[in-house]
Amino acid sequence: MVYFSGKLLLKCFLMTYLTRIIDSELTAQLGSVGAVVLEGPKACGKTETARQHAESEVLLDIDTHAQAAVDVDPSLILQGATPRLIDEWQIMPKIWNHIRREIDDRATLGQFILTGSAVPSDDVTRHSGAGRLTRIRMRPMSLFETGHANGEISVAALLNQASVRSTDPGITVQQLSERIAVGGWPGNLDLSIEQQTRAVRSYLAEIQRVDVGRVDQTHRNPQKVGQLLKSLARNVATTTATATLSRDTSGAETPINEETTSSYLNALERLMVIEDQPAWSPNLRSRARLRLASKRHFVDPSLAVAALRATPSRLLEDLNLFGFLFESLVVRDFRIYAQASDAMVYHYRDSNDLEVDIVIEAADGRWAAFEVKLGQGKVDSAAANLNKLTEHIDTSNMTTLGVIVSNGLGYVRKDGIAVIPIGALGP
């Protein structure tokens, strides 16, 4: 009899592995450190991606024998062909220090790949993995990875002042509403749009019901978690304060205070369900003061849609909400593409209420800034805003100013502002 674990059996029925942008980063890091920790929300594809690089594996979430071995002799589960995949390592967090020791003893690169869908409490990893382990953040798939963007305009090229030019990728507003609603979850790609939206709702319901409380072994009220998720969804792509979320979440019979809201947000961050967009801190020319509040985002905009129990057709009926969710989609994709160039994604806001939706900054200081507009009719105002930005900050390291739109051609305007359809973006 041949035994298949749940994940291995599932793999037999999945479609052929779709290459992820992060594959190159994972290969490079395995050649430079003893172990790589691949972190991301559940179902974003960590295990399947890690398997493309691993020679052996142990699945701690479903292998009870392996869990027992960790308690008796942790070194048992570290033996095997390398790189060895330790899947969902945070379930048995004591393994962390044993892996560190094993890396030191072997003194060889590329020994382990650890995957995790929750960040353990700080004390679990208090013994540093510096020099031994490195972390890579993984997210749901971008439009380029799912085949819904052609990649004619590279984010790496935008950081190198490359000229912007692309054909119309042909994605319609209707298709875009579907992409926002279903998200980039690899296990759902073969399902219908309706099946995918239901799957994302079930995913979020499980987080609400079980995972938020399990992540730190603290009782959480699922109803209050659900209220908070809806509030986050209503305030996606904004700098809404925790106090405001608390007031928005509170009901007549189920009040939730700011401290409780903060603890719930912390749990959602540790599950990597939400990922805020930090504020950028450039060198200012003006006397304006920077606003440092982060923008609220789910790791994938489909989670916001699921929290609101919306559908693609309902998004088309509420263009204001659609616009915020479109911005969140663009932020998700830019994060994936920027990471491949060792760059970070920020937003800009100052005391003069000058705001710019996205700023990408590379490690060497080069940066590019973008406004996000659902409709072509707002490109002029977005371009004017970007030009105003250059009057307030040091532009010596600036490479590109652009407006990300839903469709159309990619080109550079006479004022130097690039117009870029989301379906043309790639790494």
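Residues in segment 89-100 that are open to solvent by 20 Å² or more (accessible area, probe 1.4 Å) and of a type outside the set (A, V, I, L, M): Gln90, Pro93, Lys94, Asn97, His98, Arg100. Pairing residues of segment 324-348 that are among the polar types (S, T, N, Q) with residues that are open to solvent by 10 Å² or more (accessible area, probe 1.4 Å) and part of a helix (DSSP H, G or I), at Cβ distances under 9 Å and at least 6 apart in sequence or on separate chains, gives Gln339/Ile22; Gln339/Glu25; Ser341/Ala156.
All conditions but one from (1) in contact with an Asp or Glu (Cβ under 6 Å, 6 or more places away or on another chain); (2) open to solvent by 30 Å² or more (accessible area, probe 1.4 Å); (3) among the hydrophobic types (A, V, I, L, M, F, W, C); (4) touching a residue at least 60 places away in the same chain (Cβ under 8 Å) apply to Trp367; the one that does not is (2). State all residues of segment 399-416 that are crowded, with 17+ Cβ neighbours inside 10 Å and closer than 24 Å to Asp364 by Cβ; if no residue qualifies, say none. Passing the criteria: Thr399, Thr400, Leu401, Gly402, Ile404. The number of residues in segment 339-354 being open to solvent by less than 10 Å² (accessible area, probe 1.4 Å) and acidic (Asp, Glu) comes to 1.
Considering only residues of segment 40-80 that are touching a helix residue (DSSP H, G or I) at 6+ places or on another chain (Cβ under 8 Å) and of a type in the set (Asp, Glu), which is farthest from Asn97 (Cα to Cα)? Break it down into steps so the answer makes sense when it comes.
Just the residues of segment 40-80 that are touching a helix residue (DSSP H, G or I) at 6+ places or on another chain (Cβ under 8 Å), to begin with: 40, 42-45, 47-53, 57-62, 66-67, 69-70, 74-78.
Then keep just the ones that are of a type in the set (Asp, Glu); that gives 48, 57, 61.
Working: Glu48: 25, Glu57: 19, Asp61: 19 Å.
By that ranking, first place goes to Glu48.
Filter segment 148-161 for residues that are surrounded by fewer than 21 Cβ atoms within 10 Å (Cβ to Cβ) and in contact (Cβ under 8 Å) with a residue 40 or more places away in the chain and give the result. Quick ask: steps written out before the conclusion?
We begin by selecting, within segment 148-161, every residue surrounded by fewer than 21 Cβ atoms within 10 Å (Cβ to Cβ); these are 148, 150-152, 154, 156-157, 160-161.
Selection gives His148, Asn150, Gly151, Glu152, Ser154, Ala156, Asn160, Gln161.
Could you grab me the full set of residues in segment 374-396 that are surrounded by 16 or more Cβ atoms within 10 Å (Cβ to Cβ), under 29 Å from the mean Cα position of the chain (by Cα) and assigned to a loop (DSSP other than H, G, I, E, B)? If the condition is that a residue be surrounded by 16 or more Cβ atoms within 10 Å (Cβ to Cβ), under 29 Å from the mean Cα position of the chain (by Cα) and assigned to a loop (DSSP other than H, G, I, E, B), then Leu374, Thr395 are the ones that fit.
Looking at this structure, is Leu308 out of contact with any Phe, Trp or Tyr (no Cβ under 8 Å at 6 or more places or on another chain) and under 23 Å from Ala362 (Cα atoms)? No, not satisfied. Only one of the listed residues (Leu315, Leu303) is in contact (Cβ under 8 Å) with a residue 24 or more places away in the chain, within 12 Å of the chain's Cα centre (by Cα), crowded, with 21+ Cβ neighbours inside 10 Å and not in a loop (DSSP other than H, G, I, E, B). That residue is Leu303.
Just checking, does segment 138-150 include any residue being among the small types (Gly, Ala, Ser), modelled with pLDDT of 95 or more and under 22 Å from Ile274 (Cα atoms)? Yes, segment 138-150 contains at least one residue that is among the small types (Gly, Ala, Ser), modelled with pLDDT of 95 or more and under 22 Å from Ile274 (Cα atoms). Modelled with pLDDT under 95 and within 24 Å of Val330 (Cβ to Cβ): does that describe Leu245? Answer is yes for this residue.
The values are calculated or read from the model by the stated rules, or taken from the named source; none is laboratory data. These figures come from a predicted structure and were not determined experimentally. For neighbour counting, all protein chains shown are included, and Cβ atoms are generated from backbone atoms with ideal geometry for every residue, glycine included. Heavy atoms of the whole protein, side chains included, go into the accessibility calculation; ligands, DNA and RNA do not. Shrake-Rupley method; radii C 1.70, N 1.55, O 1.52, S 1.80 Å.
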